[in-house]
Amino acid sequence: MIFAVVGGGPSEADAAREIFASDRWTDLDAVGAKRIFVVDRAVWEGSGPVAARAVLEDIRKSINGIAPDG
């Protein structure tokens, strides 16, 4: 399972697209099993109990699931 923290600006989104299209990325077992979850950078890099709850909720929802967008 991989949680990909993406966001922040246009250049970061472009860099993420480039990585997600690479052979090294697509060769990962988690990618083939559709166990990649893209999460909100603002939340995952946040602080305090609200951010902590949001991160835990992301993890809880994905533990036994398949990523909706693969």
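The values are calculated or read from the model by the stated rules, or taken from the named source; none is laboratory data. Everything quoted here is computed from the prediction, not taken from an experiment. Note that each Cβ is placed from the backbone with ideal geometry, even for glycine, and that neighbours are counted across all protein chains shown. What goes into the accessible areas is simple: the full protein's heavy atoms, side chains included, and nothing from ligands, DNA or RNA. Shrake-Rupley method; radii C 1.70, N 1.55, O 1.52, S 1.80 Å.
For segment 31-44, enumerate the residues that are assigned to a helix (DSSP H, G or I) and either within 11 Å of the chain's Cα centre (by Cα) or surrounded by 15 or more Cβ atoms within 10 Å (Cβ to Cβ) (or both). Those that are assigned to a helix (DSSP H, G or I) and either within 11 Å of the chain's Cα centre (by Cα) or surrounded by 15 or more Cβ atoms within 10 Å (Cβ to Cβ) (or both): Val31, Arg41, Val43, Trp44. Among the residues of segment 12-29, is there at least one that is open to solvent by 70 Å² or more (accessible area, probe 1.4 Å), among the β-branched types (Val, Ile, Thr) and part of a loop (DSSP other than H, G, I, E, B)? Checked segment 12-29: no residue is open to solvent by 70 Å² or more (accessible area, probe 1.4 Å), among the β-branched types (Val, Ile, Thr) and part of a loop (DSSP other than H, G, I, E, B).
Restricting attention to segment 2-11 and to residues that are part of a loop (DSSP other than H, G, I, E, B) and out of contact with any strand residue (DSSP E or B) (no Cβ under 8 Å at 6 or more places or on another chain), the residue that is least open to solvent (accessible area, probe 1.4 Å) turns out to be Gly9. In this structure, Ser47 does satisfy being on the phi < 0 side of the Ramachandran plot, free of Cβ contacts under 8 Å to residues at least 12 places away in the same chain and part of a loop (DSSP other than H, G, I, E, B).
Look at segment 12-35: where a residue is on the phi > 0 side of the Ramachandran plot and a partner is open to solvent by 70 Å² or more (accessible area, probe 1.4 Å) and modelled with pLDDT under 95, sitting 6+ places away or on another chain with Cβ atoms under 7 Å, you get Lys34/Ile66.
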